[in-house]
Structure formats: C-alpha cells, structure tokens
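The values are calculated or read from the model by the stated rules, or taken from the named source; none is laboratory data. Predicted model only: the values in this text are computed from it and were never measured. Please note: Cβ atoms are built from the backbone with ideal geometry, for glycine as well, and neighbour counts cover all protein chains shown.
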Amino acid sequence: MAEARQLRAGRWRIYTEPELNLVRDPDTGAIVTFASLEEARRWWWRRHPDDPPLQEAARCGRCGGYFGTTTGPTMYAGHYYHPTHTPQVIEVQRRR
C-alpha cells in the first residue's frame, strides 16, 4: 500500500508502507516528486493500475503533521491526533 505526503515546499512524494520507503522512478532511479496530489495519483495509477487509489496520508488534526512508523495516531471525533496533541476532552478523561 502507498500514501502521498506533502513536503513543506508544497511538492508531493509517494511512500510505501509499512516502512514508509520513498518511491523511485523505475526508469531513472530518482525519487519522484509531484506538483499536486492529483499528479501523484495519476502517476501511481499508470504504474500500479491494479493497486488501490493513492490517498493522502493521515494528518494530525492539531499540527497538520503526518504520522511516522513509530508514532501511532489517536482518533477523536473523526480526526487523527498525535498522542501529545489530543483535545482537552481526552486529557480530562485520562486524569479521572
């Protein structure tokens, strides 16, 4: 399975799970980057037509960051959060 992530510069890269390896162009061996998520999806579909459609990786509802291989998300009200970024409601429940 693969997922797309946006870089700080606004470009997109594709990573394969579970180790989050960067996807390389099979022709050149270079790491592929794209101007938009749609461009990345089209490239992925042409290379892997039998795989599920490329989706953007889950982002933290507070900071907007992606989750790494060792950082598991917490879900609250339909949104993902880093464990240290959970809403105040979860913090109050943990203290009880």
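When ARG5, ARG42 are checked against the criterion of being in contact (Cβ under 8 Å) with a residue 24 or more places away in the chain and on the phi < 0 side of the Ramachandran plot, a single residue qualifies: ARG5. Can you tell me which residues in the stretch 29-79 are touching a helix residue (DSSP H, G or I) at 6+ places or on another chain (Cβ under 8 Å) and exposed (fewer than 13 other Cβ atoms within 10 Å of the Cβ)? Hits for the stretch 29-79 are ASP51, PRO53, CYS63, THR71, GLY72.
Just one of the numbered conditions (1) under 18 Å from LEU7 (Cα atoms); (2) out of contact with any strand residue (DSSP E or B) (no Cβ under 9 Å at 6 or more places or on another chain); (3) assigned to a loop (DSSP other than H, G, I, E, B) is not true of GLU38: (3). Considering each residue of the stretch 38-84, count those that are in contact with a Cys (Cβ under 9 Å, 6 or more places away or on another chain) and at pLDDT below 80, and give that number. So the answer is 0.
Given the criteria among the hydroxyl-bearing types (Ser, Thr, Tyr), within 12 Å of the chain's Cα centre (by Cα) and not assigned by TED's automatic domain parsing to the domain that holds MET1, does TYR66 qualify? Criteria met by TYR66. Summed over the stretch 1-35, residues that are more than 15 Å from the chain's Cα centre (by Cα) and either part of a strand (DSSP E or B) or not acidic (Asp, Glu) (or both) total 9.
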